[in-house]
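Colleague: Sharing a structure here in C-alpha cells format.
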Protein chains: 2
Amino acid sequence: MVNKQIRRAVPYWTGMGKVFGNSRRESSDRRVRRTRKAVQQALVELILEKGYEAVTVTDLINRADVGRSTFYAHFTDKQDVLFSNLDELSGLLRLAPASTPGTLFAFSLPMFEHLQEQRRLARALLGRRGGSAVMARGEQILATVVRDELLAAFPTRSTAPDSLDLMVTCVVGAFMALLRTWVDGEVTATPTEMDAAFRAVVTPGVETALRR
Amino acid sequence: MVNKQIRRAVPYWTGMGKVFGNSRRESSDRRVRRTRKAVQQALVELILEKGYEAVTVTDLINRADVGRSTFYAHFTDKQDVLFSNLDELSGLLRLAPASTPGTLFAFSLPMFEHLQEQRRLARALLGRRGGSAVMARGEQILATVVRDELLAAFPTRSTAPDSLDLMVTCVVGAFMALLRTWVDGEVTATPTEMDAAFRAVVTPGVETALRR
DNA sequence: CTTGTTTCGAAACAATGTGTTCGGTTATAA
DNA sequence: TTATAACCGAACACATTGTTTCGAAACAAG
C-alpha cells in the first residue's frame, strides 16, 4: 500500500493505460484473456448480489478462482475492474449525435432502449448499488454531448457561456435522475415513456431560453 | 465488526434513536456535549481536507482528541456522525412550503441563499467530497416537497400518478445537480442566478405539462 | 518434442482500519 | 462531598489491502 503509483505489483507486466475509457486491446495469450474475463464477470455477479461497495478484492479472487498475485498483475484496484467493464456502455452515450437535426436530446430514447435490453448489467453498474464512480463518469460524457448539441442547435445565439453551462447541468441532472430511478426498478415504464417524460419537462424551458 | 447491529459498544449508554432526522435531545452532562460536538466538528474539518470517504474513525478520534471507546460509546459509525450533523440542513428544505402560491418551486432561492451563508458546512456535507448519503437523503426530502407543491398548484388535474413521479424526479434531479456543482465551487454565480437558471429550464415544461 | 518465456497459484507479509473489552481515572450532577 | 456516569488508553481479534517469493504450469517457437 506504500507505492501504489510508482511500483507495479508485477514488474514483468507490460504497460497498459489506466485512463478511463481505454479499451484495452485483448491480449494474445489465452491465459490472460481467461483471467481478465473471469475477474470482470465475477465483479458483475458480486455487484448484483452485494452491491459495489461491499465487494472486496478477496471476494473477487475467490469467485473468479484466481490467485491474489494474479489479480494484482492485471488490475490495480476494484475500481480498475469496474472501469474495464465500462467500455460497452460508454459507446452508448456517443451515438445519435445529431441524427435528426430538428430534435433536441436525441440520445435520450436510444439510451433508455438499450439500457432495457442490458438491464442486468445496467442495474449492476448504474443503480444505487453500483457505486457512484460510473454515474459520475456518465455525467461527464453526457454533459459534453448535451453542450455540443445545444451549441449546434442554436449556433451563435449563445447567452453568457456560464449560463449555458448551468442549463447543461440542469438537463444532465434531470436525465441522470430519471435514469437512476428507472434502472433501480422503482419505476415500471417503457423507454418511450421515460423519454417523453424527460423531454416534456426539459425541452420547453431550454427552447424558450435559447430562443431568447 | 461482528455484531454491529445487535451488540452495543457500551451497554450503559441509554438508548438514542438512530433514525435519520432524529434531533437527539442534548445531554445534560457537559462532558457528553463536549465529546459529541468535538467529534462532529472534527468530521467537518476532515471532510474539507480529505473528503468523506477518506476519513477514518482513527482520524476522527485523533482530531477530536477522544478515546476510541468513547467514540463508539456515542456513535456506531462514521456515517452516524455524518447524519448527526445533518439536522441543521434538513430544516432548510421544509421552509417556504407554499409562501407565494403563484410561484412554483419557492424553495429554490432561499435554499441557494442559505447555502451561501453556510458555505463551508454545505460544501463539506453536500459536495462531491461529502459522500453520497447526504445527497440521497436530500433528494428524498426534496422530492416530497416538490410533489406536494405540484399537487397543490394543479389540484385535481393529475395526469397519471406515475407520470407525475417522473416529473418530480426530473425536477429534483435538475435542482440537485445545480446545487452540487454550485457547492463544489465549479460555478461562481449568485443565488439569484442559480435560482433563475433552475426555474428557466424547469418551469415552462412543468407548467405546460400540467396545464395539459 | 524440446526449450525459453510468460503467466499462474499459494502462502506469507506488513500495514492499516474496525469494533470491542477492560481496568482504572476524572469530571459531573445531585 | 460523594456516588456515578463518562472518559481514557491500551490491547484485542479480525478483516482488507497490496506486495513479495518461488515453484508449477501453460504457452509459443523452433
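Just so it is clear, none of the values below were taken in a lab; they were calculated from the coordinates. No experiment lies behind these values; they were computed from the predicted model shown. All Cβ positions, even for glycine, are placed from backbone atoms using ideal geometry, and neighbour counts span all protein chains on display.
Colleague: What distance in nm lies between label points placed 7 Å from Cα along the C-beta direction at B:Ser69 and B:Arg211?
Modeller: 6.8
Colleague: Defining the label point at 7 Å along Cα→Cβ, can you sort the distances from B:Val32 to the same site in each other copy, shortest first, in nm?
Modeller: The answer, with the shortest distance listed first, is 6.2 nm.
Colleague: Using a label position 7 Å from Cα in the Cα→Cβ direction, what is the ascending list of nm distances from B:Asp80 to the same site in the other copies?
Modeller: 3.6
Colleague: While we're here: Taking every residue in A:121-132, how many Cβ atoms of other protein chains lie within 10 Å of its Cβ, on average?
Modeller: 1
Colleague: Now for a separate question. Any aspartates and glutamates with Cα under 13 Å of the B:Lys50 Cα? List them, leaving off those in the same chain fewer than 8 positions away.
Modeller: Partners found: B:Asp59.
Colleague: Using 7 Å Cα-to-Cβ label points, what is the B:Gln116/B:Val187 separation (nm, one decimal)?
Modeller: 1.3
Colleague: Here's something else I'd like to know. Give a residue-ordered list of calculated ³J(HN,Hα) values for segment B:120-127 (Karplus: 6.51 cos²θ - 1.76 cosθ + 1.60, θ = phi - 60°; whole Hz; x for Gly, Pro).
Modeller: Karplus-based 3J(HN,Hα) across segment B:120-127 equals 4, 5, 4, 5, 5, 8, 9, x Hz.
Colleague: Can you tell me the convex hull volume per residue for segment B:140-212, based on C-alpha atoms, in Å³ to the nearest whole number?
Modeller: Looking at segment B:140-212, the number lands at 85 Å³ per residue.
Colleague: What net charge do the residues around A:Ala177 carry, taking every other residue with its C-beta under 13 Å from that of A:Ala177, with Lys and Arg at +1 and Asp and Glu at -1?
Modeller: In short, -2.
Colleague: Would you mind giving the mean number of other chain beta-carbons within 10 Å of the Cβ of each residue in B:180-193, as a whole number?
Modeller: 2
Colleague: Sort shortest first the distances from A:Leu48 to its counterpart in every other copy, using label points 7 Å along the Cα-to-beta-carbon line, and give them in nm.
Modeller: Spelled out, the distances from A:Leu48's label point are 4.5 nm.
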